[in-house]
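Input: a single structure, listed below in structure tokens.
The values are calculated or read from the model by the stated rules, or taken from the named source; none is laboratory data. Just so it is clear, the model here is predicted, and its values are computed rather than measured. Positions of Cβ are backbone-derived with ideal geometry, glycine not excepted, and every protein chain shown enters the neighbour counts. Accessible surface areas use protein heavy atoms only, side chains included; no ligands, DNA or RNA. Shrake-Rupley method; radii C 1.70, N 1.55, O 1.52, S 1.80 Å.
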Amino acid sequence: MTTSGRSPVPGFSPRRRSVLLGGIGGVSTAALATLGHSGTAAAGQRAGSTAQSAAQQPGFDFDNGNFIRDLRGEDAQGGATSSVAFMDVTVVIRDNVLMNLAWFDALAPYHPTAVGIYSRIGRRPSSESSTNRNLNIAGLYATYRVAQGAFKDERAPALGAALTAFGLDPDDESEDPTTAVGIGNMAGKGVVAARERDGMNALGDEGRKYNPVPYRDYTGYRPVNGAFDLVDPSRWQPRLTTHNRRLGHGVGDKGVFTVQHFITPQLRLVQPHTYQDPAEFRLAAPRHSDHTRARDYKRSVDEVLEASAALTDEQKVKAEFFDHMLLGMRLSQYAAADAHDQGTGGLDMHGWAHLFLTHSVAQHDALIAVWHQKHRYDAVRPFSAIRHVYGSRPVSAWGGVGEGMVNDIPADQWAGYLNVGDHPEYPSGYVAIGSAEAQATRRFFDDDVLALTRQVPAGSGVVEPGATPAGDLELRWDTWTDFVEDCATSRVWGGVNFTKTVERAIPFGEQFGDRSYEYVQRYVDGDVED
């Protein structure tokens, strides 16, 4: 997804992040470097792939530790060094669900009832799961095989180095279903093989024989509007953006611009887990952004401008937080798990794997349905609608970095506080997947508890560094309900969505949380056909 300059990563230094995933679905080089911070052995100490040699490595306790929960360290960039960009939401969500599927399948043989989704490996004796050793080894190998087979970027070598640091042999490709190494390899490879041609064009060869381009559109989508011409004010207009080829984070190549394209429109054709056809989920047409309904259209525009003009420091940093997928969605998942992982009755490693799969399937299947609707309605973004309604007339709004609220900004010079995603506006993808993950987690724990808190130091904002926020802030979401409401409203504060768009995205996304929970529980209970 084109980041269009600013890359909102407010001044959070994530307290506990996955050094194996480096955020949603991505392993970052910086994150792997934190293995030392976690107290593991130095890279290069390859001691074979047996459980015995793994257990000899200092720092991580293979017998009592939990690789999903425990291998989290500091990574202030939120995965910035990964090849997956901050806003590449469609690829990020796909990567995440692949990894979580592999974890589930790798641990299933050690569970009393669970069966794998893409690999049906025989159940192991309970004596082999009396400690976490085999589960950790199987999970780590599954992680590596997914990175190696599906990601095909710097994450696989980084994970190979991580395995070596643990005394495991990344070159051990055994598929012996009686060993943890073999089970992990089979689970990871099974997921990669099953999802390789899921419709996302990960191999890049759909419709072309030569020079494959991974994730390229093969559906033939073409926007009605161009970056310089708004032919239909109800339809999506690609935005002209800075290139950011070299430096990123708001610093683009001088004089070099690019035009947005609808990122992975083929996502609507990807195979879901919990339903057959995204067309079965109804969503009312976005009449609020239909320019032929002039009163509703102008009201939608004015709501965005009013929110822009009234921005507070808290709203700005919340908007930045939710706009950064690798923080907002991943940290909420860990926060909920941590809140329920205290004392007796807390989550074991199976519980963490089941929760993470429930969470990621909800996001994945929600996003497929969202992309179906985005393609169907091809709805206009606020920046285009504001220019259509007001032209070059002055409006009251946020005036840009360091300007605060101004009363004389020409409408055709207005920009939202956040970057505009490179896809049609309706419905909001971020809100729908946030609502989906919230409902999935509610069902999993049978409560609404989130308990996510983030400290935001003064001046640590990304859009207005050094100035926003004026003082230290604490962001706190005690419940998922609070989290989803702020996620939704933040998209209006940021100027990227209309009010009715985010309001409708909440119930639309929620239904996929229910479906995901019920889907995963069937596999946990073993209540599926062979």
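Here are a few things to note about the model shown:
- Computed on protein heavy atoms with a 1.4 Å probe, the accessible areas place Tyr517, Tyr334 in the order Tyr517, Tyr334, largest first.
- For Asp171 and Thr131, the difference between the fully extended length at 0.36 nm per residue and the C-alpha to C-alpha distance is 11.9 nm.
- Segment Ala467-Arg376, length gained on full extension (0.36 nm per residue, minus Cα span): 28.7 nm
- Euclidean distance of C-alpha centroids, region 203-225 and region 129-187, integer Å: 32
- Ranking Ser490, Ser174 from most to least accessible surface, computed with a 1.4 Å probe over the protein chains only, gives Ser174, Ser490.
- Pair-distance distribution of region 459-525: all C-alpha pairs, bin width 5 Å, starting at 0; shares per bin in whole percent are 4, 13, 15, 16, 17, 13, 9, 7, 4, 2, 0.
- Near-label residues of region 219-241 by backbone N, under 18 Å of a point 7 Å along Cα→Cβ of Arg197: 219
- Ranked by the mean number of other Cβ atoms within 10 Å of their residues, highest first, the peptides 437-445, 360-368 fall in the order 360-368, 437-445.
- Net length available on complete extension from Thr312 to Lys254 is 17.8 nm, with 0.36 nm assigned per residue and the Cα-Cα distance removed.
- Whole-angstrom gap from region 251-289 to region 437-482, using each part's C-alpha centre: 26
- Once the Cβ-Cβ distance of Arg208 and Asp482 is raised to the sixth power relative to R0 = 45 Å, the FRET efficiency obtained is 0.45.
- Spatially proximal lysines relative to Lys152 (Cα-Cα < 24 Å; intrachain offsets below 8 disregarded): Lys189, Lys209
- For the peptides 94-107, 290-303, 138-151, the ranking by packing is 94-107, 138-151, 290-303, with the highest mean count of neighbouring Cβ atoms within 10 Å listed first.
- The modelled label-to-label distance for the pair Arg120/Gln276, using points 7 Å beyond Cα in the direction of Cβ, is 2.2 nm.
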